[in-house]
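*Asks:* I'd like to ask you about the structure that follows.
The values are calculated or read from the model by the stated rules, or taken from the named source; none is laboratory data. On a predicted model such as this, the values are computed, not experimentally measured, just so you know. A quick note on method: Cβ atoms are made from the backbone with ideal geometry, for glycine too, and the neighbour counts reach across all protein chains shown.
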Amino acid sequence: MRSAVKRIIVLSTAAAMLSGCDLLAAAIYPELDPLAPPFGTDPFVDPFGDHAYDAGSATLEVTQGGVTRTIALDRIGIGSTYDESGYAFVTWEGGDGWSLSINAVDYPDSDASMPGVIQGDVMISRSTFFDFWIAGTYIPFDAGNSCALNVWVLSAEKLEGRANCTDLRWVDATSFDEEPPYVDGQDPFEISITFQATSSGDSVTS
């Protein structure tokens, strides 16, 4: 568990430094690690994604210390793709250093009693010139936070849904401590998320 947390933090820090938030996917799915030798001639093409999402937006309603603020993310990050196997990874970015990454997987045959089960993970980040903070489903493992993801459209043309997270804590992603430290002075927070991403129909391999 600890090594997985450390991998998330290392790759998240690299994402901030390289302005490529798609690197966050590698924290959960190592085979998507863009720091590995590039596939083909474009190091930003996800070889496991068949279709690129290129438009969309997300809204974050963040409640912390009794105060609620709304964050609008209006750009789709590089590496946001859908795979025909039913897997999507998308990053939304804004102008204030906030970003949201969601991966969603459709398991149509995972359980005969629960057909069409969609599972996934949520990651939020904040970056400034000096700091890089992350929070989400796995940040950190012992935080006791909970993110409920509800995806009602998952296809090559569109990803749409919402997520609600409670008891999140910001972690300092620039730290290499064995136990990632919480950010001093930051209370636990809740976040309500709505998101959608669409594809113009281009294949990432075209």
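*Asks:* Quick check on segment 151-174. Is at least one of its residues hydroxyl-bearing (S, T, Y) and either modelled with pLDDT under 90 or touching a Pro at 6+ places or on another chain (Cβ under 7 Å) (or both)?
*Replies:* Yes, there is a match, as at least one residue in segment 151-174 is hydroxyl-bearing (S, T, Y) and either modelled with pLDDT under 90 or touching a Pro at 6+ places or on another chain (Cβ under 7 Å) (or both).
*Asks:* Filtering segment 89-109 down to residues that are surrounded by fewer than 20 Cβ atoms within 10 Å (Cβ to Cβ) and farther than 19 Å from E61 by Cβ, which residue is nearest to the chain's Cα centre (by Cα)?
*Replies:* Step by step, filter segment 89-109, then rank; the result is V105.
*Asks:* Tell me which residues, restricted to segment 61-88, are surrounded by fewer than 20 Cβ atoms within 10 Å (Cβ to Cβ), of a type in the set (S, T, N, Q) and in a strand (DSSP E or B).
*Replies:* Those that are surrounded by fewer than 20 Cβ atoms within 10 Å (Cβ to Cβ), of a type in the set (S, T, N, Q) and in a strand (DSSP E or B): T63, Q64, T68, T70.
*Asks:* Only one of D96, D121 is part of a loop (DSSP other than H, G, I, E, B), under 18 Å from L73 (Cβ atoms) and at pLDDT 85 or above. Can you tell me which?
*Replies:* Answer to the check: D96.
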